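To start, the structure under review is shown below, and the notes come after it.
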Amino acid sequence: MIKRIRSDQLLPGMFIHDLNCGWMEHPFAFNSFKIKDTKTIDKIVSSGIRELYIDSEKGLDVADAQTHDEYHAEIHEQITALVESHEIKVPNPTSVTEEAQQARVVHNQAHNVVHHLMSDIRMGKQIEIAKLSPVVEHITDSIFRNKDAFISLSRIKNKDEYTFQHSVSVCALLVAFSRESGFEKDVVLNAGIGGLLHDIGKMKVPDKILNKPGALSESEFIIMKSHAALGRELLKQTQGIPEIAIDITGQHHERFDGTGYPDKLQKDAISKFGQMAAIVDVYDALTSDRVYHKGMEPTAALKKLFEWSKFHFNPEMVQRFICLIGIYPVGSLVKLESGMLAVVIIPGTDNLLHPIVRVVFDIKRNHYVEAHDIDLSKKIDRIVQYESPHNWNIDPFKFI
């Protein structure tokens with residue numbers, strides 16, 4: 001049985017089912033393994049892991065620990081209540097369909113600019129802020145017209161181009177998050193620049209570590225973690241870089257409880273934009289396919305952020321971010337009570353739990369149906385749960 005326990009409850013002989021943190025947040029070769037000694041426990045605790053999951057059938061048990069299913073049922077109820085009570089303050093002036101084509105053009109342009117920028121940095125050239133600003137402005141304009149079009153597009157990534165595409169995604173998410181938080185457009189643009197540059201320090205990390213197709217060794221992990229401080233120093237030496245962008249670059253791996261890096265800052269010692277960047281960076285990493293792990297669906301990633309906000313993130317900001325993205329964002333594959341699979345194409349305008357969906361597959365008959373749209377706010381059907389497109393061999397983005 002899979003159970004959730006505190007890290008201070010660990011004992012040798014327990015089998016860790018899931019370390020319960022991002023792949024780049026711990027120094028272990030695997031995410032699940034049997035604990036052989038107290039040194040391993042000390043290493044887990046020193047990594048900032050506060051809660052994790054054990055498999056009681058493969059190792060020692062904690063009798064009164066809550067099961068994984070019980071805990072995640074609680075989280076689902078809490079997130080559902082949060083999203084259901086959320087008042088949508090910033091409606092999209094244009095539809096996903098209207099914005100999709102332009103968003104695709106802007107996304108491709110941004111990816112090319114970031115690719116060239118990072119290649120230049122690796123060769124020792126200076127950052128040219130004049131080339132970045134127009135890209136961030138185009139992304140911001142697209143987000144302001146319809147955030148869901150660009151953000152859903154950003155979920156499509158090439159594993160080999162992850163570092164560049166991740167930077168574009170974090171830029172877009174920070175722009176949307178900053179706008180939703182009520183900041184003026186010039187501040188939003190500066191946050192976008194920070195998102196685009198937040199991983200610039202990785203260009204100072206050796207290729208064999210940055211592109212290693214698997215878990216890093218302990219020494220490699222230390223070198224990889226240096227990218228936040230390296231990026232911050234690089235930006236400080238570059239004229240015209242806004243202070244917000246420097247904070248984002250240096251603080252996107254800091255954690256609210258002081259277990260992050262490079263400076264182990266706590267709570268409000270981390271800037272607001274550093275706190276926001278930490279959330280969106282982890283969200284995009286969790287939802288992206290990498291060489292060494294399969295990306296989560298957005299709904300599952302949002303649940304993880306909610307769970308981790310108990311220690312690692314600003315809880316209020318995480319709640320705002322969940323409401324921004326929506327528990328079933330555009331491009332999600334969902335199972336309906338009727339037994340149909342559908343793709344979310346338009347977020348709910350009055351209630352995020354009641355989006356407009358495009359029905360594409362009949363589970364009972366196991367075949368595709370003629371695509372048709374249902375407005376779930378009309379109570380015709382309802383979402384039972386999200387589904388993994390991989391499990392059904394369905395590409396949701398073909399139906400948007």
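Across region 367-393, the qualifying residues are those that are within 20 Å of PRO347 (Cβ to Cβ) and part of a loop (DSSP other than H, G, I, E, B), and the one among them that is most open to solvent (accessible area, probe 1.4 Å) is LYS379. Just to be sure before I move on: is ALA191 part of a helix (DSSP H, G or I), out of contact with any Leu (no Cβ under 9 Å at 6 or more places or on another chain) and aliphatic (A, V, I, L, M) in the structure I sent? Judged against the criteria, ALA191 is not a match. Within region 381-400, residues that are touching a residue at least 24 places away in the same chain (Cβ under 8 Å) sit with their Cβ atoms under 6 Å from residues that are among the acidic types (Asp, Glu) and open to solvent by 70 Å² or more (accessible area, probe 1.4 Å), at 6+ positions apart or across chains, in these pairs: ASP381/GLU337; ARG382/GLU337; VAL384/GLU337.
Table: residues versus (1) of a type in the set (A, V, I, L, M, F, W, C); (2) out of contact with any Gly (no Cβ under 9 Å at 6 or more places or on another chain).
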position	(1), (2)
LEU234	yes, no
ILE244	yes, no
ASP247	no, no
HIS252	no, no
ASP257	no, no
ASP263	no, no
ASP281	no, no
ARG290	no, yes
LYS294	no, yes
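Scanning region 162-172 for residues that are open to solvent by 10 Å² or more (accessible area, probe 1.4 Å) and either hydrophobic (A, V, I, L, M, F, W, C) or in contact with a strand residue (DSSP E or B) (Cβ under 6 Å, 6 or more places away or on another chain) (or both) returns a single hit, PHE164. The set of residues in region 204-242 that are hydroxyl-bearing (Ser, Thr, Tyr) and either within 15 Å of ALA29 (Cβ to Cβ) or open to solvent by 70 Å² or more (accessible area, probe 1.4 Å) (or both) comprises SER217, SER219.
Please work out if LEU235 is assigned to a helix (DSSP H, G or I), modelled with pLDDT of 95 or more, farther than 29 Å from ASN146 by Cβ and out of contact with any strand residue (DSSP E or B) (no Cβ under 9 Å at 6 or more places or on another chain). Yes: the conditions hold for LEU235. Only one of the listed residues (VAL168, VAL188, VAL136, VAL175) is under 24 Å from SER271 (Cα atoms) and free of Cβ contacts under 8 Å to residues at least 40 places away in the same chain. That residue is VAL175. Just need a number here: residues in region 16-50 that are in a strand (DSSP E or B) and either buried (at least 17 other Cβ atoms within 10 Å of the Cβ) or without any contact (Cβ under 8 Å) to a residue 24 or more places away in the chain (or both). Adding up the residues that qualify gives 3. The residue that is nearest to the chain's Cα centre (by Cα), counting only those in region 321-365 that are among the aliphatic types (A, V, I, L, M) and open to solvent by 30 Å² or more (accessible area, probe 1.4 Å), is ILE346. Within the bounds of region 255-273, is there any residue that is more than 30 Å from PRO329 (Cα to Cα), assigned to a helix (DSSP H, G or I) and without any contact (Cβ under 8 Å) to a residue 12 or more places away in the chain? Yes, because at least one residue in region 255-273 is more than 30 Å from PRO329 (Cα to Cα), assigned to a helix (DSSP H, G or I) and without any contact (Cβ under 8 Å) to a residue 12 or more places away in the chain. The single condition from (1) touching a helix residue (DSSP H, G or I) at 6+ places or on another chain (Cβ under 8 Å); (2) open to solvent by 10 Å² or more (accessible area, probe 1.4 Å); (3) within 24 Å of GLY194 (Cβ to Cβ) that LYS294 fails is (3). Among (1) in a loop (DSSP other than H, G, I, E, B); (2) closer than 27 Å to ASN146 by Cβ; (3) hydroxyl-bearing (Ser, Thr, Tyr), where does THR299 come up short? All conditions pass for THR299, except number (1).
Checked against the criterion of being farther than 22 Å from MET296 by Cβ and in contact with a His (Cβ under 7 Å, 6 or more places away or on another chain), region 124-144 contains not a single residue that satisfies it.
Being open to solvent by less than 10 Å² (accessible area, probe 1.4 Å) and of a type in the set (Asp, Glu) narrows it down to one of ASP257, ASP284, ASP247, ASP289, so name that one.
ASP284
The values are calculated or read from the model by the stated rules, or taken from the named source; none is laboratory data. Quantities reported herein were computed from a predicted structural model and do not represent experimental measurements. Cβ sites come from the backbone with ideal geometry, for glycine too, and all protein chains shown count toward neighbours. Side chains included, ligands, DNA and RNA excluded: accessible areas come from the protein's heavy atoms. Shrake-Rupley method; radii C 1.70, N 1.55, O 1.52, S 1.80 Å.
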